[in-house]
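Okay, structure first, notes after.
The values are calculated or read from the model by the stated rules, or taken from the named source; none is laboratory data. As the structure is a prediction and not an experimental result, all values here were calculated from the model. Here Cβ is always computed from backbone atoms with ideal geometry, including for glycine, and neighbour counts include all displayed protein chains. In case anyone asks, the SASA skips ligands and DNA or RNA and just uses the protein heavy atoms, side chains included. Shrake-Rupley method; radii C 1.70, N 1.55, O 1.52, S 1.80 Å.
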Amino acid sequence: MKLRGLDLKPGQWKAAAIVLMLIILFGLLCIAGPGMASTTGCGSGMQGIPADTLTIKIGYFGGPYYTKKVYTLSDFDKLPQVKQAYNFIDSMNAVCVDAATGVKLTNLLEDAGIDVNSVQKFYFYSSDIKKGWYQSLDKSYLLDTPRYYYPNLASSWDYEKGTSTAEAVYGAVRVDPIIAYKDNWQRYVTEPDFSVYDTSTRFRLLFGQADPDTKTATQSVKWVHAIEVMLGGMPPSEITLDQSNINKKVGSTVRLTATVAPYDATDKSVIWSSSDPDVATVDKTGLVTIVGPGTATITVSTVVGGLTATCVVNGQGQEIAVSAGAGSQENEETENPDGPPAAEDNRQHLANKDTNDAISEAGITPPEQAGNQPWRVFEMSPDAVPLQQIKKQNTLDIYAAVLFGVLFLFGSGKIYMEYAREVAN
């Protein structure tokens, strides 16, 4: 057949159509970007990026996890630094030596206000995983098991058998698990090199070996941006205060005591706050100071679960309670202590009623009706930078375009071939 000077047989037209289809497919892959053509992540189809922040969260099995603290690189610089070498055996049966600088995992937990003895499991989230955690390790495995760096392992490794020799354990050095923000991971070397650092793996979990033969390189997570700490025991179920109302003069101080239930709750840490610091302030121990006239509400909440309890300071109607002889120790001393109990009970009832009515008119929810508030309290440095969001590749649209192009080419070719046969006949 001829097409303006181009003479091609039907078989040649089919070959040309296939070549054109491959060109279109390759072009679409190039448009999709390097994320489609090749990936370097841990089987996730994404390439990890160094994290600029590290979020520490706590929670219990089956429940939500609450942000405890967010660390930046400047925060890491303020914590005690560890400079240590580590050994790992990778999936190629090769000895890897890593020279790293970072912060001990136990120091990180302590700084975040987490009791290490209450920890049951760790979940490490890596930036090359789209959804879910990359690695989970029990506290008994990661922190309670003795870990070592074997300086002679690389020179005492039998690559044919894939095992170490007896000399590998000589000179073993006890090491602690750390979160490294710079390291130098090398394969087939005998000594660590601290002269060169790589920050592109930030943050990386390093914890050494329990023996010189176990393969643990895949458990050394890099690009960690969040750690969820699962606590053992029971979560808090209730929090109460020993006082629900305070009526004191300016300059007075009162200490509130918070009780977290159940008794065996693992994390009983609480946060104190005042609705109006110009009226009353409260410190981290529950000491309330009346600093000005007016009404304020002191709130205490559990770090885990956000359970709350409140105490009203100099609320409307409390002056009536004072004059009636209920709500003030000074008044109880000046009033007639020998009065009839029935009259005292009536005054108490009227005072409480007036106080509750006044609180209701002021728009303040009584503590017994406050309920559980889903508050999440966390601490973040002012220079914290959010982790870069990785855009999701929509491969379905690309494949649909390729399929449409293939169908169009073959359909057009078939129509043209029928037309050519009619012309030839």
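For segment 188-225, residues that are touching a strand residue (DSSP E or B) at 6+ places or on another chain (Cβ under 9 Å), among the small types (Gly, Ala, Ser) and in a loop (DSSP other than H, G, I, E, B) total 4.
Of the residues Asp183, Asp213, the single one that is within 23 Å of the chain's Cα centre (by Cα) and acidic (Asp, Glu) is Asp183.
Does segment 276-293 hold any residues that are assigned to a loop (DSSP other than H, G, I, E, B), open to solvent by 40 Å² or more (accessible area, probe 1.4 Å) and over 30 Å from Met234 (Cα atoms), and which are they? The answer is Asp276, Pro277, Asp278, Val291, Pro293.
Suppose the filter is surrounded by 13 or more Cβ atoms within 10 Å (Cβ to Cβ), in contact with a Phe, Trp or Tyr (Cβ under 7 Å, 6 or more places away or on another chain) and among the β-branched types (Val, Ile, Thr); does Val250 pass it?
Details: surrounded by 13 or more Cβ atoms within 10 Å (Cβ to Cβ): yes; in contact with a Phe, Trp or Tyr (Cβ under 7 Å, 6 or more places away or on another chain): no; among the β-branched types (Val, Ile, Thr): yes.
When the stated conditions are applied, Val250 does not pass them.
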